Amino acid sequence: MAFAGTFLAIADDAAPFPDLIPAKLVIFYGHDMGGSAVIELKGGKVSYKLDSLGQERARGYVEPTPEQWSAFIARLNEAKVYKWDGHYNGSLPGPLDSGFRWSFAIQLGEILFVSDGNSAFPPDGDIDPAKRKSPNASFNLMSRAVSQLIGHDFP
């Protein structure tokens with residue numbers, strides 16, 4: 001999916017996201033063993049499709065109010081999502097790859113933020129790649145923000 005806008009610079013002094021209603025939002029989480037979640041903003045509505053081990057858990061859409069969007073952005077800022085790097089790669093060659101992928105893209109005004117991971121997650125202040133193999137506090141806070149926005153557990 002193509003986005004238009006200014007890519008948000010990732011730096012230690014990155015500013016929190018502005019309190020705006022997103023122009024675009026696309027979030028994906030998937031695992032080779034059969035779980036996935038797709039969230040996408042379309043025409044003011046947030047569609048979601050959640051699967052677990054090949055079985056659909058939930059599908060639908062919500063139309064968040066301005067207050068719900070504001071709470072969502074505040075939770076993303078609490079998680080410091082705006083400090084995430086553009087890509088995290090922890091995959092190993094062959095069968096040792098854990099097989100999960102995720103992506104998060106949001107456009108707020110002219111600001112475009114995109115981050116994704118291949119068998120790795122953003123660190124919580126640590127730099128040891130071995131500690132980035134499973135969701136951490138920052139990623140879990142983002143996940144809870146998405147869950148509250150759509151009314152279902154994400155991922």
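The values are calculated or read from the model by the stated rules, or taken from the named source; none is laboratory data. In this text, all values refer to a predicted model and were calculated from it rather than measured experimentally. Don't worry about glycine lacking a Cβ; one is built from the backbone with ideal geometry, like all the others, and counts go over all protein chains shown.
Quick look at the numbers
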| quantity | calculated |
| --- | --- |
| From the options L25, L20, L76, residue that is closer than 22 Å to S138 by Cα, in contact (Cβ under 8 Å) with a residue 12 or more places away in the chain and part of a strand (DSSP E or B) | L25 |
| Flag for S70 being in contact with a strand residue (DSSP E or B) (Cβ under 6 Å, 6 or more places away or on another chain) and either farther than 22 Å from P123 by Cα or modelled with pLDDT of 95 or more (or both) | no |
| Sole residue being modelled with pLDDT under 90, of a type in the set (F, W, Y) and either assigned to a helix (DSSP H, G or I) or buried (at least 19 other Cβ atoms within 10 Å of the Cβ) (or both), chosen from F121, F104, F113 | F121 |
